[in-house]
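Q: Next up is a structure, given as structure tokens.
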Amino acid sequence: MVFLRLIMQHYILGIESSCDDTSAAIICNDVILSNITANQDVHRNFGGVVPELASRAHQQNIIPVIEAAIKKANIVKNQLSSVAFTRGPGLLGSLLVGTSFAKAFSLGLNIPLIEVDHLQAHILSHFIRNDTRSNPVPDFPFLCLTVSGGHTQFVLIRDYFDMQIIGQTIDDAAGEAFDKSAKIMGLPYPGGPLIDKYAQSGDPKRFTFSKPNIQGLDFSFSGLKTSFLYFLRDELIKDADFIEKNKFDLCASIQTTIVEMLMTKLRLAMEQTRGLAKSGPAKARGWVDVAIAGGVSANSGLRKALENARDQFGWNIFIPPLQYSTDNAAMIAIAGYFKFLKGDFSSQSATPYARDAGRGTFET
Ligand code: KG4
Ligand code: ZN
């Protein structure tokens, strides 16, 4: 049975609805056929995602998005082998929309249901192939810096579903640091992409903000937000137009501070995992392969910093294509495919979880 699963072509529908993006994707084994996402603009002026509005928008978007994904993949729904959905972590009302749809779809088509952890899926997005040619994928074990709106973690990946969190934020996530800094400057939500855009035209050394001294591989971002807030409060007393006049330099400086905080810890994590590599181009130097994942991995400053580290230290790096950095269903579909091969199916009684599956090690 497992052997048959390995040699056949399997079409998996992936559904992602954990936050404010409704997304559906179809994968044929590990090759992506379609990946359709409906973003929700309703949250822009609220400074963050409004859970009730997000659930309602998912309800409106889910059927058209799934229909579009099936159409773009040029298949019919009876060809699907399985349906994979994000079970958590995320907003409960949002997760319920995707979960309920996936359950009904699986019952209606009599195909297996597969639950996927959102954070594992961000990491597994590095295994998506864009066509049948083999693009390089990380070698196990590898290190991933997962940086999103809700999480900032170092994960050591020994196998597809053997992942260990070896460091994480003790307060805000890196994405929150971007979004909250943007909100303080009066920019709409999500602020990360806007800070990235404005930073391109600014001087990253113009302003400096203090960085916390946190031990080991953990992070803290809440102090940065506070120091940014107090800095602007003082400057605005002297000049009411301070933000507008210095927008580009402020964005470049805050982005550089966040990226430096991430990269300092990443260098430490690479030192600590040195020697674990079994094979691969960087093995001679002892480095494990290193990947970034999650919405903040779209940040041009972080991507550039990782490329610089590759050139400087000889790391073998994996940066996801932009469409797989922020929330998407392609990553749910690839995680679903690997679970499908294992025969790891869920029951109709599976319920969403809002918080992390477990501190330290992922639930599998
Ligand atoms: O992974 P994601 O799409 O959703 C979560 O799982 O949280 O990550 C969203 C986060 C938001 O905080 C958003 O501001 C941030 O990723 N983000 C960025 C960029 N694009 C998205 N942050 C900095 N630079 C970007 N280019
Ligand atoms: Zn995410």
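The values are calculated or read from the model by the stated rules, or taken from the named source; none is laboratory data. This one's a predicted model, so the numbers in the text were calculated from it and none came from an experiment. For neighbour counting, all protein chains shown are included, and Cβ atoms are generated from backbone atoms with ideal geometry for every residue, glycine included. SASA here: full protein model, heavy atoms, side chains in, ligands and nucleic acids out. Shrake-Rupley method; radii C 1.70, N 1.55, O 1.52, S 1.80 Å.
Q: If I build a Gaussian network model for the chain, linking alpha-carbon pairs within less than 10 angstrom, which residue out of Asp30, Asp41, Asp241 has the largest mean-square fluctuation?
A: Checking each option, the largest mean-square fluctuation is seen for Asp241.
Q: Please report, in whole Å, how far the alpha carbons of the stretch 1-116 spread along each principal axis, starting with the longest.
A: Cα spread of the stretch 1-116 along its principal axes, largest to smallest: 50, 24, 23 Å.
Q: Using alpha-carbon positions, what is the distance between the centroids of the stretch 119-159 and the stretch 231-263, in Å?
A: A separation of 32 Å, based on Cα centres.
Q: Also, quick follow-up: Classify the stretch 91-198: rounded, prolate or oblate, from the alpha-carbon gyration tensor (a ≥ b ≥ c, eigenvalue square roots; a/c under 1.5 rounded; otherwise prolate if a/b is larger than b/c)?
A: Numbers: a/c = 1.86, a/b = 1.28, b/c = 1.45.
Taking the square roots of the gyration eigenvalues as a ≥ b ≥ c, the stretch 91-198 is oblate.
Q: Same structure again: Ratio of Rg to Rh for the chain, alpha carbon only, Kirkwood?
A: My calculation puts Rg/Rh at 0.98.
Q: Restricting to bridges with both residues inside the chain, how much of the DSSP beta-bridge set is antiparallel, in percent to the nearest 5?
A: 60
Q: Would you work out what percent of the accessible area of the chain, with all protein chains in place, is carbon or sulfur (probe 1.4 Å)?
A: Of all accessible area on the chain, carbon and sulfur atoms account for 52 percent.
Q: Check each of the trypsin sites (Lys or Arg not before Pro) in the stretch 275-311 and keep only those in coil by DSSP with at most 10 other C-beta atoms within 10 angstrom; list them in order.
A: Lys278
Q: If you count the DSSP beta bridges with both ends in the stretch 142-315, what percent of them are antiparallel, to the nearest 5?
A: Counting DSSP beta bridges with both partners in the stretch 142-315, the antiparallel share is about 65 percent.
Q: Another question, then. Of Val296, Val50, Val116, which has the largest mean-square fluctuation in a 10 Å C-alpha GNM of the chain?
A: Val50
Q: Could you work out the helix-only [θ] at 222 nm for the chain, with each DSSP H run of four or more residues adding -39,500 (n - 2.57) and the total divided by the number of residues, to the nearest 500 deg cm²/dmol?
A: Result for the chain, helices only: -13500 deg cm²/dmol.
Q: Need one word for the stretch 238-364: rounded, prolate or oblate. Basis is the Cα gyration tensor (sqrt eigenvalues a ≥ b ≥ c); a/c below 1.5 gives rounded, then a/b vs b/c decides.
A: Working: a/c = 2.39, a/b = 1.32, b/c = 1.81.
Oblate is the answer for the stretch 238-364, as a/c is 1.5 or above yet b/c matches or exceeds a/b.
Q: Express the accessible area of the stretch 142-315 per residue in Å², computed with a 1.4 Å probe while the remaining protein chains stay in the model.
A: 44
Q: Would you look at the GNM of the chain, springs on alpha carbons closer than 10 Å, and say which of Leu107, Leu217, Leu92 moves the most?
A: Checking each option, the largest mean-square fluctuation is seen for Leu107.
Q: Taking only complete DSSP H runs, can you tell me which helices of the chain stretch 18 Å or more along their own long axis by Cα positions and average at least 1.0 on the Kyte-Doolittle scale?
A: Taking the DSSP H segments of the chain (at least 18 Å long, mean hydropathy at least 1.0), we get 92-109, 330-342.
Q: Past 21 Å, Cα to Cα, is the threshold; run Lys183/Lys245; Lys245/Lys304; Lys71/Lys342; Lys205/Lys247; Lys197/Lys247 against it and keep the listed order. Mind showing how you got there, number by number?
A: Working: Lys183/Lys245 17 Å; Lys245/Lys304 27 Å; Lys71/Lys342 28 Å; Lys205/Lys247 14 Å; Lys197/Lys247 11 Å.
Listed pairs above 21 Å: Lys245/Lys304; Lys71/Lys342.
Q: Rounded, prolate or oblate: which fits the stretch 142-315, taking a ≥ b ≥ c as square roots of the Cα gyration tensor eigenvalues, rounded meaning a/c under 1.5, else prolate when a/b beats b/c? Intermediate values should be presented prior to the final figure.
A: Working: a/c = 2.40, a/b = 2.07, b/c = 1.16.
It is prolate, given that a/c is not under 1.5 and a/b is the larger ratio.
Q: Same structure again: Among Gly301, Ser349, Leu276, pick out the residue whose Cα is farthest towards the positive end of the charge dipole of the chain, where Lys and Arg carry +1 and Asp and Glu carry -1 on C-beta, about the Cα centre.
A: Leu276
Q: Which trypsin sites (Lys or Arg not before Pro) in the stretch 148-257 pass both tests, a DSSP loop state and at most 11 other beta-carbon atoms within 10 Å?
A: Listed in order of number, the matching sites are Lys205.
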